[in-house]
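> First, the structure itself, so that you have it in front of you.
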Amino acid sequence: MLKEECSETIKMAEFPEESSPLLRVFVYGTLKPGEANYQKYCADKVISTTPAIALGELFALPMGFPAMTSGNKPVHGYLLCFSDLEILTELDDLEDYLPTRAESDNLYNRQFIEIYNRQWQSLGLAWAYVMTKHLIGQLGGVVQIDGCWSQLNC
C-alpha cells in the first residue's frame, strides 16, 4: 500500500546545511514501488510515497535501468520520504555516487530538483540521481519519449 503524505516543508531541500525531519528523494527507475530495488532499499524505510513528475529527459540503458538528465520534458516517478537520513548513504552506494568524486567519475550525480504532482503543482525540492548526457550516449541510452521507465508497466 502506498502512503501518500510528503507535503511538509523540508528545510534540507532549501538549506542543505540545516537538519531536517524528512529526507525527500525523487525516484524514476528501480527504486519505484514494485520495481527491483524498492523492496531492498525503500519498503521498510519509506514513510510516504507520492506519484510525482520532474522535468528532465529519461533514457533506458542497456544494463536494465534508466537514467535521467536535465531537460524540460516530464519524467514520471515517485517522491519518497524517509525519516532516517542514513538511507541517503545506501542510495549513494547503489547509484555509484560519491560526493567527493568529480562529477565525471560518478555513474550518477545527486542533485536537488523541483518535483511536481500530477496536476503540475510544486511539491518542492528533492534529491534525484541524474546522469550526464555524455555518459548516457557512451552507454547507449535510448530516450523514453513518454517519460516513463519500468521493468513491469508504467
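The values are calculated or read from the model by the stated rules, or taken from the named source; none is laboratory data. The shown structure was predicted, so the numbers you read here are calculated from the model rather than taken from an experiment. Please note: Cβ atoms are built from the backbone with ideal geometry, for glycine as well, and neighbour counts cover all protein chains shown.
> Of the residues that make up the range 38-60, is at least one modelled with pLDDT of 95 or more, part of a loop (DSSP other than H, G, I, E, B) and crowded, with 19+ Cβ neighbours inside 10 Å?
yes
> Pick from the range 61-84 the residues that are among the hydroxyl-bearing types (S, T, Y) and surrounded by fewer than 16 Cβ atoms within 10 Å (Cβ to Cβ): which of them is nearest to the chain's Cα centre (by Cα)?
Filtering the range 61-84 for residues among the hydroxyl-bearing types (S, T, Y) gives 69-70, 78, 83.
Remaining after also requiring surrounded by fewer than 16 Cβ atoms within 10 Å (Cβ to Cβ): 70, 83.
Numbers: S70: 13, S83: 16 Å.
Result: S70.
Listed here are the residues, each with its yes/no results for (1) exposed (fewer than 13 other Cβ atoms within 10 Å of the Cβ); (2) among the small types (G, A, S); (3) at pLDDT 95 or above.
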residue: E86; (1), (2), (3): yes, no, no
residue: S104; (1), (2), (3): yes, yes, no
residue: N117; (1), (2), (3): no, no, yes
residue: W127; (1), (2), (3): no, no, yes
residue: K133; (1), (2), (3): no, no, yes
residue: G137; (1), (2), (3): yes, yes, yes
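> Identify all residues within the range 110-140 that are in contact (Cβ under 8 Å) with a residue 60 or more places away in the chain, in a strand (DSSP E or B) and not acidic (D, E); write none if there are none.
Those that are in contact (Cβ under 8 Å) with a residue 60 or more places away in the chain, in a strand (DSSP E or B) and not acidic (D, E): F112, I113, I115, Y116, L123, G124, L125, A126, W127, A128, Y129, V130.
> Give the residue, chosen from T100, T69, T89, that is of a type in the set (S, T, Y) and part of a loop (DSSP other than H, G, I, E, B). Steps first, answer last, please.
Details: T69 fails: part of a loop (DSSP other than H, G, I, E, B); T89 fails: part of a loop (DSSP other than H, G, I, E, B).
Of the residues listed, the single one that is of a type in the set (S, T, Y) and part of a loop (DSSP other than H, G, I, E, B) is T100.
> Now for a different question. Mind checking which pairs have a first residue in the range 54-74 that is touching a residue at least 24 places away in the same chain (Cβ under 8 Å) and a second that is basic (K, R), Cβ under 9 Å, 6 or more apart or different chains?
Taking only residues 6 or more apart or on different chains, the pairs are L55/K73; G56/K73; E57/K73; E57/K133; L58/K73; F59/K133; T69/K133; S70/K133.
> With the condition kept exactly as written, say whether any residue in the range 141-151 is in a strand (DSSP E or B), in contact (Cβ under 8 Å) with a residue 12 or more places away in the chain and more than 15 Å from the chain's Cα centre (by Cα). Full working, then the answer.
Step one: filter the range 141-151 for residues in a strand (DSSP E or B), giving 142-143.
If we keep only those that are in contact (Cβ under 8 Å) with a residue 12 or more places away in the chain as well, we get 142-143.
After this cut, where a residue has to be more than 15 Å from the chain's Cα centre (by Cα) as well, the list is 142-143.
Yes: one or more hits.
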